[in-house]
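Chemist: I am attaching a structure below and will ask some questions about it afterwards.
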Protein chains: 4
Amino acid sequence: MPVPDPNLYPDFNVIRLSHTCLNVADLTASRKFYTEILGLQVTDETDTHIYLRAMEERGHHCIILQKSDRPGTVEVMGFKTYDEGDLDRAEAFFRSKGRPTEWVQRPYQGRTLLTSDNIGIPLEFHHKMDRLDPIHQQYALYRGVKPLRIDHFNCFSPEVDASVAFYNDMGFRVTEYTEDADSKKLWAAWMHRKGGVHDMAFTNGTGPRMHHVAFWVPTPLNIIDLLDLMSTTGYVSNIERGPGRHGISNAFFLYILDPDGHRIEIYCSDYQTLDPDHEPIHWDLKDPQRQTLWGAAAPQSWFEHGTEFVGTKPVEAMLKATPIIAP
Amino acid sequence: MPVPDPNLYPDFNVIRLSHTCLNVADLTASRKFYTEILGLQVTDETDTHIYLRAMEERGHHCIILQKSDRPGTVEVMGFKTYDEGDLDRAEAFFRSKGRPTEWVQRPYQGRTLLTSDNIGIPLEFHHKMDRLDPIHQQYALYRGVKPLRIDHFNCFSPEVDASVAFYNDMGFRVTEYTEDADSKKLWAAWMHRKGGVHDMAFTNGTGPRMHHVAFWVPTPLNIIDLLDLMSTTGYVSNIERGPGRHGISNAFFLYILDPDGHRIEIYCSDYQTLDPDHEPIHWDLKDPQRQTLWGAAAPQSWFEHGTEFVGTKPVEAMLKATPIIAP
Amino acid sequence: MPVPDPNLYPDFNVIRLSHTCLNVADLTASRKFYTEILGLQVTDETDTHIYLRAMEERGHHCIILQKSDRPGTVEVMGFKTYDEGDLDRAEAFFRSKGRPTEWVQRPYQGRTLLTSDNIGIPLEFHHKMDRLDPIHQQYALYRGVKPLRIDHFNCFSPEVDASVAFYNDMGFRVTEYTEDADSKKLWAAWMHRKGGVHDMAFTNGTGPRMHHVAFWVPTPLNIIDLLDLMSTTGYVSNIERGPGRHGISNAFFLYILDPDGHRIEIYCSDYQTLDPDHEPIHWDLKDPQRQTLWGAAAPQSWFEHGTEFVGTKPVEAMLKATPIIAP
Amino acid sequence: MPVPDPNLYPDFNVIRLSHTCLNVADLTASRKFYTEILGLQVTDETDTHIYLRAMEERGHHCIILQKSDRPGTVEVMGFKTYDEGDLDRAEAFFRSKGRPTEWVQRPYQGRTLLTSDNIGIPLEFHHKMDRLDPIHQQYALYRGVKPLRIDHFNCFSPEVDASVAFYNDMGFRVTEYTEDADSKKLWAAWMHRKGGVHDMAFTNGTGPRMHHVAFWVPTPLNIIDLLDLMSTTGYVSNIERGPGRHGISNAFFLYILDPDGHRIEIYCSDYQTLDPDHEPIHWDLKDPQRQTLWGAAAPQSWFEHGTEFVGTKPVEAMLKATPIIAP
Ligand SMILES: [Ca+2]
Ligand SMILES: [Fe+2]
Ligand SMILES: [Fe+2]
Ligand SMILES: [Fe+2]
Ligand SMILES: [Fe+2]
């Protein structure tokens, strides 16, 4: 098995993914998509930024839309730590790995450490973010797919084994993974901190690039309602793949593209993984039910398209194996 | 508009589709599929036949599985009339059209008229069928997709305009139709007697052949449950297309194949059409949302595969236009 | 069995219930309730009237809200006939029963016959109503409970046997009924024309009064969403009973009160009844699962509250048996 | 605010509730209820014990049914720790509180510490339990309500403030609570370790007694299906309360009683609470939407009935305030 033993006592305690900042061309178009289709709630907006949260979140933002002359790039992926001291321990960790570290100012966040992972994905860590009043029982506010919370990131990595080793060190634990039977290398892996299937996943491909950011909804009907809405409001071509159920993670999924090409997953039906002795599930790259339990292949774009991170230069994947692609 | 005015005062009163008899190779394999996957209830079985009904039906059978040395063919499609006199008026109607007619004995049915339509589809009409006690509130019996009732037939016709004209004479009313813009000919049409979107539909193609027989379920979750069940019980390759929503009829659909290649649709989300002045909805053959509101194309097999009727010799379609097929 | 044989060849052909006109005190308050909570679409409005339709309806209106100095009364219940001649035959029928008849002008309707039934419920019949373009696939318009169509009326009758006899003559067919075992009299009955469980139902009680008008939704989740919405937008006290499943009709139900006290039912999970030989289901008044399959009793208000019809004077029920009421 | 600050660095790390052992009179009757109605999977059974798990669980058991001459009592509530050392630190913690401690042998569990909390609830802690292969994708095994995992315990406490203080010391964090406005005392509190709304909750009342043990399901339709199943298989009188939505925890709920009177909750729609700065939500005891967001009051039995723990003698609650009870 190519998956390392979990590090149950990491140097610092990340409790969960928190947010991402996406660069966009047109705030008006993005606002419409993120509020009317995705159904996120605006918590602040300026001429250059829109802050959004999902319906059960109390933190100020899970998505920041940033007006940019490099639309379709990702500025940073954010994580929340258990306490303030974890931020200092994180700084030491990243320095020990030879990664750049910097303390930055972020609106609505406390002390924030900006750094990057082993393949250059820009990461930021904070402990404090402004807390807002609950809105999950204000049912008149629910719109679009009615998203409850941000769930995970998924990134292309040119070397999934290396990415898994790095995040494993940080205490991320593998829940499911895909192995290329020939090379015994990892094709993909799902890693969590918060007790679900994942906070972060890696897929073999030209990277670093963001494959998608995902939102959790309670039932497949949220996703079917979204498909009906998108299909009849001018967004039919933003639907990329789904609905379907992944063999991996058992998730009922839909993949859509925002106006700048950032891929968003809407997702339900994952499971609880918080036991420290929770065993990862192994999948073979050639198993067609890995991608879609129901047998349908994914479109080629799904394996090839991603959005780059600011300040990085993606490199080709080392592993050349191929998954099953729709003809 | 290529659709004829409805005949509101037909010669005889068909109230709804009733049942079909499917020829199969192996009753044991078919029984397993129809009871454990489809979830139909066996109402009688012999060495050569299995009779089944759906959960809210009181009539004795909606599907008859018949052991045959011509498996993968359809024996007959059955309809129920409003009264006994309608059977005699039906006989006169079919004779006037030059179709063969015969009174046949069918277990559990009263007087039954066997005939065929203009392209040779074998049809039988009865008024009486044995009535069984309700089981729709015996929830412990629900299995598989939990089907509530047979909903419609869909057949390939080599000339949809002619098929529509014939059934229009019988009082079937068009609810939606697809026109080839160039030839102004019908590509497909949906026709009803019972006040839903259809009892019978026709699709352009080598025919006569059955395209599918459909069962009604209340929610998309029935269909998602079925996909999960089929995927993990050895039936993943019997899943052909879906889940998705048709633009036409607004139906949330899934198409699966039984062990002999008979296509079954599971279907929900249609609408009430019983007004005599209900206007048919026009779709253009080139509209991609016609087939799937959400944009995905159908697989080629869906346009090409069908099961032949006993005693017929399908002929090629006259209309050579092509719909949008998955690449 | 106290239910008469169905009249399969009635004097005139009613195809379905069509609409009702409700008298209200405050059009602004009612508009808000009917559009934001019920989710009906306004098709016209004046200083004195608001016309509404449900999402799959093509007829101009299913509800008319009429500003009135007698709010909380019902003006009329409307039905659609199969053709124009049915209107004349209806006039003859009602005259033969000694009921008053009058041809009235109704906006958006063709020739309309105003009359009343045996206990004085004001009824109107039309064949033509303005037809509107379909909106069932304009998913951005869906609001509130996302109602698809008007489904049925339910009225208090002081003598259910007499009401059933009268509507039976008109060709309404009983699908389910409740009998008082002691007196062998009907306590309640459900009667249909359109092939569902009912277009009209009668319940023993001071009458004539409207018990409720019902809308059809596809799944219980529509109803749960409505409960969440009403509970958090100031309408919690408008929730009267439910959610639950009736033993009778198998309907998953919710009863709510509009701002003038008109009771509205939201309803799903009924079944198809169009066979002319469809057997009515018998329930005993003392069977607790009759009212709620799951065992909970209905609140007393549900048995006592109703809204009067204009120009009628309700009389007490003759049958004094009592159903099971919540303590 | 009567809720103590959370103890973010407790002496030992409980990761989640794990299981409970329930004393029953008749293993055959209980097996039927727990497998056919609840849909749990048997993982082992002997003449005296049945071990069960839910569909996504990998641990050997979440429910142990124990044949007993004191049926309707609870033997113990079990929790899982992060590591083996936590067991020793737990022993020291309970000793320091003056509670009895004992190392016991439990089949399928590693080293197990038996002790009790401040009001005498028997608790056991283990780190290791036999791990089983995943079955969550064996959809043919799903039965009954299709439970995914054990979710929480709820107990009557004669002094909720004291219970909250004790579990707060153990690192359980309050997510929601009900305060009696007059006395400023806690009426009820919900406390978690695993990042959901609760692992353990306390309700004011004669205690210690178990109020209920809860299972998580993904959608309200699981619960509606269960109601239909119970109502038509002889279990209608085992339905006590629901379906409804709690204001507190936002949970869509159903309460049922097993053959020995142990109360089981089926539950969905809670939310993620893993932030260490997650603010508890305050509810007033007199707020009718606290119990049921939709306004319906709970039956009296729900406030009064509970099942005793072996070896304890419940005492009356000190707080005499009263919630809103159905008339
Ligand atoms: Ca969790
Ligand atoms: Fe994902
Ligand atoms: Fe179909
Ligand atoms: Fe009703
Ligand atoms: Fe609970």
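Quick note: the coordinates plus some simple rules give every number you see, no bench work behind them. Keep in mind that this is a model prediction, so the values were computed, not measured. Quick reminder, even Gly has a Cβ in these numbers, built from the backbone with ideal geometry, and neighbours come from all protein chains shown.
Chemist: For segment D:126-192, what value does the Rg/Rh ratio take when both radii are computed over Cα atoms and Rh is the Kirkwood radius, given to two decimals?
Modeler: On the way: Rg = 17.9 Å, Rh = 15.3 Å.
Using only Cα positions, Rg/Rh for segment D:126-192 is 1.17.
Chemist: Pick from A:PRO158, A:PRO134, A:PRO288: which residue has the top mean-square fluctuation in a GNM of chain A where Cα pairs under 10 Å get a spring?
Modeler: In this elastic network of chain A, the residue with the biggest mean-square fluctuation among A:PRO158, A:PRO134, A:PRO288 is A:PRO134.
Chemist: Once Rh for segment B:275-321 is found with the Kirkwood sum over Cα pairs, what is the Stokes-Einstein diffusion coefficient at 20 °C and 1.002 mPa s, in µm²/s? It would help to have the intermediate numbers written out before the result.
Modeler: Numbers: Rh = 14.2 Å.
It comes out at roughly 151 µm²/s.
Chemist: Percent of Cα-Cα pairs per 10 Å bin, from 0 to the last occupied bin, for segment A:82-148, please list those.
Modeler: 18, 36, 22, 19, 5
Chemist: For segment C:151-226, what Kirkwood radius comes out of the mean inverse Cα-Cα distance, in Å?
Modeler: On the way: mean 1/r = 0.0764 Å⁻¹.
It is 13.1 Å.
Chemist: Using the Kirkwood radius built from alpha carbon pairs, what does the Stokes-Einstein equation give as D for segment D:78-216 at 20 °C and 1.002 mPa s, in µm² per second?
Modeler: It comes out at roughly 130 µm²/s.
Chemist: Hey, another quick one. Can you list the copy-to-copy distances for C:VAL42, using a point 7 angstrom from Cα toward Cβ, in nanometres, shortest first?
Modeler: Those separations, rounded to one decimal, come out as 2.5, 6.0, 6.3 nm.
Chemist: Now for a separate question. Please figure out what share of the DSSP beta bridges in segment B:14-129 is antiparallel and state it in percent, rounded to the nearest 5. Write down the numbers at each step before the final one.
Modeler: On the way: 24 of 33 bridges.
About 75 percent, rounded to the nearest 5.
Chemist: 7 Å along Cα→Cβ for the label point: how many nanometres lie between B:PRO4 and each equivalent label in the other copies, listed shortest first?
Modeler: Here the equivalent label points are 3.9, 7.6, 8.4 nm apart from this one.
Chemist: Next question. Would you work out the relative contact order for segment B:18-160, in percent, from Cα pairs under 8 angstrom that are 6 or more residues apart?
Modeler: Working: 283 pairs, mean separation 41.2, N = 143.
Dividing the mean separation by the residue count of segment B:18-160 yields 29 percent.
Chemist: Over all residues in D:216-227, what is the mean tally of Cβ atoms on other chains that come within 10 Å of each residue's Cβ?
Modeler: On the way: counts 1, 0, 6, 10, 9, 11, 1, 2, 11, 5, 2, 10.
Neighbouring Cβ atoms belonging to other protein chains average 6 per residue here.
Chemist: For chain A, just run the numbers: alpha carbon Rg, then divide by 2.2 N^0.38 Å, N being how many residues it has. All intermediate terms of the calculation are to be shown ahead of the outcome.
Modeler: Working: Rg = 18.5 Å, N = 327, 2.2 N^0.38 = 19.9 Å.
Dividing the Cα radius of gyration by 2.2 N^0.38 Å gives 0.93.
Chemist: Against the empirical 2.2 N^0.38 Å scaling, what ratio does the C-alpha Rg of segment B:23-72 come to? Walk me through the numbers on the way to the answer.
Modeler: On the way: Rg = 10.4 Å, N = 50, 2.2 N^0.38 = 9.7 Å.
For segment B:23-72, the normalised Cα radius of gyration comes out at 1.06.
Chemist: How high is the relative contact order of chain A, in percent, with contacts defined as C-alpha pairs under 8 Å that are six or more residues apart?
Modeler: On the way: 810 pairs, mean separation 61.6, N = 327.
Contact order relative to length: 19 percent.
Chemist: Here's something else I'd like to know. For segment D:1-129, count the residues as N, evaluate 2.2 N^0.38 Å, and divide the Cα radius of gyration by that value, please. Spell out each step's value before the answer.
Modeler: Details: Rg = 16.0 Å, N = 129, 2.2 N^0.38 = 13.9 Å.
With N residues counted in segment D:1-129, Rg over 2.2 N^0.38 Å equals 1.14.
Chemist: Tell me what the protein assembly as shown gives for mean residue ellipticity at 222 nm when only DSSP H runs of n ≥ 4 count, each as -39,500 (n - 2.57), the sum divided by the residue total, rounded to 500 deg cm²/dmol.
Modeler: The helix-only estimate for the protein assembly as shown comes to -4000 deg cm²/dmol at 222 nm.
Chemist: Loop sites only, by DSSP: take the trypsin sites (Lys or Arg not before Pro) in chain C that have at most 12 other C-beta atoms within 10 Å and name the longest stretch containing none of them. Don't skip to the answer; put the middle values down first.
Modeler: On the way: sites that count: C:LYS184, C:LYS320.
With a cap of 12 other Cβ atoms within 10 Å, the longest stretch comes to C:1-183.
Chemist: Across segment A:99-105, in residue order, what do the Karplus-derived ³J(HN,Hα) couplings come to in whole Hz, using 6.51 cos²θ - 1.76 cosθ + 1.60 with θ = phi - 60° and x for Gly and Pro?
Modeler: Per residue, the Karplus-derived 3J(HN,Hα) values read 8, x, 9, 7, 8, 10, 8 Hz.
Chemist: Let me ask something else about it. If each label sits 7 angstrom from Cα along the C-beta direction, how far apart, in nm, is C:TRP103 from its counterparts in the other copies?
Modeler: 4.7, 9.0, 9.9
Chemist: So who's got an amide H within less than 5 Å of the one on B:ILE15, skipping anything under 5 residues away but keeping other chains? H placed 1.01 Å off N, in plane.
Modeler: B:LYS80, B:THR81, B:TYR82
Chemist: In addition: Since chains B and D are linked by a rotation, which residue in B has the beta carbon closest to its axis, and how far is it in Å?
Modeler: Of all Cβ atoms in chain B, the one nearest the axis gives B:LEU221, 3.
Chemist: Let me ask another. Who wins for biggest fluctuation among D:GLY171, D:GLY242, D:GLY234 in a Gaussian network model of chain D, springs between alpha carbons below 10 Å?
Modeler: Of the options given, D:GLY234 has the highest mean-square fluctuation.
Chemist: May I pose another question? Which of these, D:HIS127, D:HIS211, D:HIS152, has the largest mean-square fluctuation under a Gaussian network model of chain D (Cα springs below 10 Å)?
Modeler: Among D:HIS127, D:HIS211, D:HIS152, the largest mean-square fluctuation in the Gaussian network model of chain D belongs to D:HIS127.
Chemist: Further question on the same structure: Using the Kirkwood radius over Cα pairs, work out the Stokes-Einstein diffusion coefficient for the protein assembly as shown at 37 °C and 0.692 mPa s, in µm²/s as a whole number.
Modeler: Working: Rh = 33.0 Å.
Approximately 99 µm²/s, per Stokes-Einstein.
Chemist: Here is a follow-up. State, to one decimal in nm, how far the label point of D:ASP69 lies from the label point of C:TRP103, with both points 7 Å from Cα in the Cβ direction.
Modeler: Result for the modelled spin labels: 9.0 nm.
Chemist: Of C:LYS97/C:LYS320; C:LYS128/C:LYS194; C:LYS32/D:LYS286; B:LYS184/B:LYS320; A:LYS32/A:LYS80, which pairs sit farther than 21 Å apart, going by alpha carbon to alpha carbon? Mind dumping the intermediate values first?
Modeler: Details: C:LYS97/C:LYS320 27 Å; C:LYS128/C:LYS194 17 Å; C:LYS32/D:LYS286 29 Å; B:LYS184/B:LYS320 12 Å; A:LYS32/A:LYS80 28 Å.
Result: C:LYS97/C:LYS320; C:LYS32/D:LYS286; A:LYS32/A:LYS80 exceed 21 Å.
Chemist: Based on the inverse mean of 1/r over its pairs of different Cα atoms, what is the Kirkwood hydrodynamic radius of segment B:242-327, in Å? Mind showing how you got there, number by number?
Modeler: Working: mean 1/r = 0.0663 Å⁻¹.
Evaluated over segment B:242-327, this radius sits at 15.1 Å.
Chemist: Another question, then. Placing one identical point scatterer on every Cα of segment C:176-321 and ignoring solvent, what is log10 I(q)/I(0) from the Debye formula at q = 0.11, 0.14, 0.18 Å⁻¹?
Modeler: -0.44, -0.73, -1.20
Chemist: Taking every DSSP beta bridge that has both residues in chain C, what percent is antiparallel when rounded to the nearest 5? Could you put the intermediate results ahead of the total?
Modeler: Values: 56 of 80 bridges.
In chain C, DSSP labels about 70 percent of beta bridges as antiparallel.
Chemist: Compute the relative contact order of segment D:145-308 as a whole-number percentage, counting only Cα pairs closer than 8 Å that sit 6 or more residues apart in sequence.
Modeler: Details: 357 pairs, mean separation 43.8, N = 164.
The value is 27 percent.
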